[in-house]
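The values are calculated or read from the model by the stated rules, or taken from the named source; none is laboratory data. On a predicted model such as this, the values are computed, not experimentally measured, just so you know. Every residue, glycine among them, receives a Cβ derived from its backbone with ideal geometry; neighbour counts consider all protein chains shown. The area values use the complete protein model at the heavy-atom level, side chains included, leaving out ligands, DNA and RNA. Shrake-Rupley method; radii C 1.70, N 1.55, O 1.52, S 1.80 Å.
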Amino acid sequence: MALLGNLRHRPVRRLVQLYLGLALYGVSMALMIRSHLGLDPWDVFHQGLSDLTGLSFGTVTIGVGALVLLLWIPLRQRPGLGTVSNVVVIGLVVDATLALLPAGGPLSVRIALLIIGIVANGAATALYLGARLGPGPRDGLMTGYVARRPGRSVRLVRTVIEVTVLALGWLLGGTVGVGTVAYALAIGPLAQFFIPLFAVPEGAMPEGAGPEGAGPEGVVPPAGNAAPATPAG
(Lines give C-alpha, C1' and ligand atoms only; values in the text may rest on other atoms or scores of the structure.)
Protein backbone atom coordinates (compact mmCIF):
# COMPACT_ATOMS: atom_id res chain seq x y z
CA MET A 1 0.00 0.00 0.00
CA ALA A 2 2.05 2.93 -1.30
CA LEU A 3 1.85 6.23 0.54
CA LEU A 4 0.76 9.20 -1.54
CA GLY A 5 2.95 12.17 -0.83
CA ASN A 6 3.37 14.49 -3.83
CA LEU A 7 4.10 17.88 -2.25
CA ARG A 8 5.79 19.55 -5.21
CA HIS A 9 2.84 21.88 -5.77
CA ARG A 10 2.36 24.63 -3.12
CA PRO A 11 3.66 22.46 -0.24
CA VAL A 12 3.59 25.14 2.49
CA ARG A 13 -0.01 26.15 1.93
CA ARG A 14 -1.17 22.56 1.61
CA LEU A 15 0.57 21.39 4.78
CA VAL A 16 -0.64 24.38 6.80
CA GLN A 17 -4.16 23.93 5.50
CA LEU A 18 -4.11 20.18 6.17
CA TYR A 19 -3.08 20.45 9.81
CA LEU A 20 -5.24 23.51 10.48
CA GLY A 21 -8.21 21.56 9.13
CA LEU A 22 -7.45 18.46 11.18
CA ALA A 23 -6.97 20.51 14.36
CA LEU A 24 -10.21 22.39 13.75
CA TYR A 25 -11.97 19.07 13.15
CA GLY A 26 -10.84 17.82 16.55
CA VAL A 27 -12.02 21.04 18.22
CA SER A 28 -15.39 20.80 16.47
CA MET A 29 -15.85 17.25 17.75
CA ALA A 30 -15.11 18.35 21.30
CA LEU A 31 -17.64 21.21 21.04
CA MET A 32 -20.35 18.78 19.95
CA ILE A 33 -19.46 16.34 22.72
CA ARG A 34 -19.69 19.06 25.37
CA SER A 35 -23.08 20.16 24.01
CA HIS A 36 -24.56 16.80 25.11
CA LEU A 37 -27.16 17.25 22.36
CA GLY A 38 -26.08 14.49 19.98
CA LEU A 39 -23.10 13.54 17.83
CA ASP A 40 -22.49 12.52 14.25
CA PRO A 41 -22.79 8.74 13.59
CA TRP A 42 -19.10 7.87 13.84
CA ASP A 43 -18.68 9.90 17.02
CA VAL A 44 -21.71 8.20 18.58
CA PHE A 45 -19.81 4.97 17.93
CA HIS A 46 -16.55 6.39 19.30
CA GLN A 47 -18.29 7.63 22.44
CA GLY A 48 -19.99 4.28 22.99
CA LEU A 49 -16.66 2.47 22.72
CA SER A 50 -15.06 5.02 25.03
CA ASP A 51 -17.73 4.41 27.66
CA LEU A 52 -17.37 0.65 27.26
CA THR A 53 -13.58 0.49 27.42
CA GLY A 54 -12.78 3.41 29.72
CA LEU A 55 -10.36 4.77 27.12
CA SER A 56 -10.40 8.46 26.24
CA PHE A 57 -12.51 9.62 23.30
CA GLY A 58 -9.42 10.60 21.34
CA THR A 59 -7.70 7.26 21.96
CA VAL A 60 -10.74 5.40 20.67
CA THR A 61 -10.92 7.70 17.63
CA ILE A 62 -7.28 6.94 16.81
CA GLY A 63 -7.75 3.20 17.33
CA VAL A 64 -10.85 2.98 15.16
CA GLY A 65 -9.19 5.08 12.46
CA ALA A 66 -6.18 2.76 12.41
CA LEU A 67 -8.40 -0.34 12.14
CA VAL A 68 -10.43 1.22 9.33
CA LEU A 69 -7.20 2.07 7.53
CA LEU A 70 -6.24 -1.61 7.57
CA LEU A 71 -9.43 -2.32 5.64
CA TRP A 72 -7.99 -0.21 2.80
CA ILE A 73 -5.50 -2.99 2.01
CA PRO A 74 -7.94 -5.44 0.36
CA LEU A 75 -9.60 -2.45 -1.36
CA ARG A 76 -6.21 -1.43 -2.81
CA GLN A 77 -6.63 2.11 -1.57
CA ARG A 78 -3.51 4.25 -1.17
CA PRO A 79 -3.32 6.53 1.88
CA GLY A 80 -1.94 10.03 1.67
CA LEU A 81 -0.09 12.07 4.25
CA GLY A 82 -3.46 13.56 5.15
CA THR A 83 -4.93 10.11 5.72
CA VAL A 84 -2.28 9.06 8.23
CA SER A 85 -2.31 12.49 9.88
CA ASN A 86 -6.09 12.28 10.15
CA VAL A 87 -5.84 9.12 12.23
CA VAL A 88 -3.46 10.69 14.76
CA VAL A 89 -4.02 14.45 14.87
CA ILE A 90 -7.79 14.56 15.32
CA GLY A 91 -7.72 12.17 18.27
CA LEU A 92 -4.98 14.11 20.05
CA VAL A 93 -6.73 17.45 19.50
CA VAL A 94 -10.15 16.26 20.63
CA ASP A 95 -8.71 14.95 23.93
CA ALA A 96 -6.77 18.18 24.52
CA THR A 97 -9.85 20.30 23.81
CA LEU A 98 -12.07 18.19 26.05
CA ALA A 99 -9.56 18.68 28.86
CA LEU A 100 -9.95 22.46 28.50
CA LEU A 101 -13.72 22.66 27.96
CA PRO A 102 -15.87 22.31 31.10
CA ALA A 103 -18.79 19.89 30.97
CA GLY A 104 -22.39 20.94 31.51
CA GLY A 105 -23.75 24.48 31.40
CA PRO A 106 -27.13 26.02 30.56
CA LEU A 107 -29.05 24.85 27.50
CA SER A 108 -28.39 28.09 25.61
CA VAL A 109 -24.63 27.58 25.93
CA ARG A 110 -24.90 23.94 24.86
CA ILE A 111 -26.95 24.90 21.79
CA ALA A 112 -24.28 27.47 20.89
CA LEU A 113 -21.56 24.82 21.27
CA LEU A 114 -23.49 22.50 18.98
CA ILE A 115 -24.02 25.11 16.27
CA ILE A 116 -20.40 26.30 16.38
CA GLY A 117 -19.22 22.70 16.37
CA ILE A 118 -21.24 21.76 13.28
CA VAL A 119 -20.18 24.85 11.31
CA ALA A 120 -16.54 24.38 12.33
CA ASN A 121 -16.75 20.74 11.27
CA GLY A 122 -17.90 21.74 7.80
CA ALA A 123 -15.06 24.26 7.46
CA ALA A 124 -12.53 21.75 8.79
CA THR A 125 -13.70 19.13 6.30
CA ALA A 126 -13.18 21.57 3.42
CA LEU A 127 -9.77 22.64 4.70
CA TYR A 128 -8.20 19.20 4.88
CA LEU A 129 -9.90 17.83 1.77
CA GLY A 130 -8.92 20.97 -0.14
CA ALA A 131 -5.27 20.35 0.71
CA ARG A 132 -5.43 17.29 -1.57
CA LEU A 133 -3.18 15.15 0.61
CA GLY A 134 -5.47 12.19 1.09
CA PRO A 135 -8.99 11.55 2.41
CA GLY A 136 -9.82 10.42 5.93
CA PRO A 137 -9.75 6.66 6.58
CA ARG A 138 -13.54 6.41 6.85
CA ASP A 139 -14.08 8.29 3.57
CA GLY A 140 -11.54 6.08 1.84
CA LEU A 141 -13.31 2.96 3.08
CA MET A 142 -16.51 4.14 1.42
CA THR A 143 -15.00 5.36 -1.86
CA GLY A 144 -12.70 2.35 -2.07
CA TYR A 145 -15.60 -0.06 -1.72
CA VAL A 146 -17.58 1.76 -4.41
CA ALA A 147 -14.55 1.72 -6.72
CA ARG A 148 -14.32 -2.07 -6.31
CA ARG A 149 -18.09 -2.49 -6.72
CA PRO A 150 -19.00 -0.05 -9.52
CA GLY A 151 -22.68 -0.99 -9.39
CA ARG A 152 -23.04 0.32 -5.83
CA SER A 153 -24.17 3.87 -5.12
CA VAL A 154 -21.89 6.09 -3.03
CA ARG A 155 -24.94 7.41 -1.21
CA LEU A 156 -26.19 3.88 -0.48
CA VAL A 157 -22.82 2.70 0.82
CA ARG A 158 -22.46 5.84 2.93
CA THR A 159 -25.94 5.37 4.39
CA VAL A 160 -25.39 1.71 5.23
CA ILE A 161 -22.04 2.39 6.92
CA GLU A 162 -23.26 5.38 8.91
CA VAL A 163 -26.55 3.79 10.00
CA THR A 164 -24.60 0.72 11.13
CA VAL A 165 -22.07 2.64 13.23
CA LEU A 166 -24.83 4.89 14.59
CA ALA A 167 -26.88 1.89 15.73
CA LEU A 168 -23.84 0.21 17.30
CA GLY A 169 -22.84 3.43 19.04
CA TRP A 170 -26.36 3.97 20.39
CA LEU A 171 -26.46 0.41 21.73
CA LEU A 172 -23.13 1.08 23.45
CA GLY A 173 -24.49 4.24 25.09
CA GLY A 174 -23.34 6.95 22.67
CA THR A 175 -25.28 10.22 22.59
CA VAL A 176 -27.96 10.38 19.90
CA GLY A 177 -30.12 13.49 19.85
CA VAL A 178 -31.15 16.62 18.05
CA GLY A 179 -27.48 17.30 17.31
CA THR A 180 -27.27 14.04 15.37
CA VAL A 181 -30.14 15.13 13.13
CA ALA A 182 -28.82 18.69 12.82
CA TYR A 183 -25.40 17.39 11.76
CA ALA A 184 -26.90 15.06 9.17
CA LEU A 185 -28.94 17.89 7.64
CA ALA A 186 -26.27 20.61 7.78
CA ILE A 187 -22.91 19.00 7.07
CA GLY A 188 -23.47 18.42 3.35
CA PRO A 189 -24.50 22.00 2.53
CA LEU A 190 -21.77 23.39 4.80
CA ALA A 191 -19.04 21.32 3.16
CA GLN A 192 -20.42 22.23 -0.27
CA PHE A 193 -20.14 25.92 0.68
CA PHE A 194 -16.66 25.75 2.19
CA ILE A 195 -14.92 23.34 -0.23
CA PRO A 196 -14.66 25.84 -3.14
CA LEU A 197 -13.22 28.42 -0.74
CA PHE A 198 -10.37 26.20 0.44
CA ALA A 199 -9.64 23.94 -2.53
CA VAL A 200 -5.98 24.32 -3.54
CA PRO A 201 -5.78 24.75 -7.34
CA GLU A 202 -4.21 21.77 -9.07
CA GLY A 203 -0.66 22.14 -10.33
CA ALA A 204 0.92 20.42 -13.27
CA MET A 205 0.57 16.67 -12.76
CA PRO A 206 2.31 13.80 -14.56
CA GLU A 207 0.13 12.24 -17.24
CA GLY A 208 -2.28 9.73 -15.72
CA ALA A 209 -1.73 10.91 -12.16
CA GLY A 210 -4.60 12.29 -10.11
CA PRO A 211 -4.32 14.73 -7.22
CA GLU A 212 -3.94 13.41 -3.72
CA GLY A 213 -7.23 13.03 -1.96
CA ALA A 214 -9.00 12.30 -5.23
CA GLY A 215 -11.54 9.63 -5.87
CA PRO A 216 -11.25 6.78 -8.39
CA GLU A 217 -11.26 9.23 -11.34
CA GLY A 218 -8.71 11.56 -9.79
CA VAL A 219 -11.31 14.14 -8.78
CA VAL A 220 -12.07 15.26 -5.25
CA PRO A 221 -15.77 14.41 -4.90
CA PRO A 222 -18.14 17.22 -3.95
CA ALA A 223 -19.85 17.02 -0.59
CA GLY A 224 -23.14 16.09 -2.20
CA ASN A 225 -21.69 12.89 -3.67
CA ALA A 226 -19.51 11.61 -0.87
CA ALA A 227 -19.63 11.83 2.86
CA PRO A 228 -17.38 14.45 4.41
CA ALA A 229 -14.54 12.85 6.40
CA THR A 230 -15.60 11.87 9.85
CA PRO A 231 -12.36 11.32 11.90
CA ALA A 232 -12.86 11.99 9.79
CA GLY A 233 -12.91 11.45 7.75
Checklist entry - Does segment 38-60 contain any residue that is more than 23 Å from ALA167 (Cβ to Cβ) and open to solvent by 60 Å² or more (accessible area, probe 1.4 Å)? => result no
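Has segment 12-35 got any residue that is in a loop (DSSP other than H, G, I, E, B) and open to solvent by 40 Å² or more (accessible area, probe 1.4 Å)?
No, that holds for no residue.
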Checklist entry - Does segment 7-19 include one or more residues that are at pLDDT 95 or above and within 19 Å of LEU114 (Cβ to Cβ)? => result no
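Filter the helices (runs of 4 or more DSSP H) completely within segment 64-156 down to those with at least 1 residues that are within 21 Å of ASP40 (Cβ to Cβ) and open to solvent by 20 Å² or more (accessible area, probe 1.4 Å). Give the steps one after another, and end with the answer.
Working: elements: 72-75, 81-100, 107-130, 137-148.
The qualifying helices (runs of 4 or more DSSP H) are 81-100, 107-130, 137-148.
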Next on the checklist: I'd like the full set of residues that are more than 20 Å from THR143 (Cβ to Cβ) and modelled with pLDDT under 90, limited to segment 157-202.
Outcome noted: PRO201
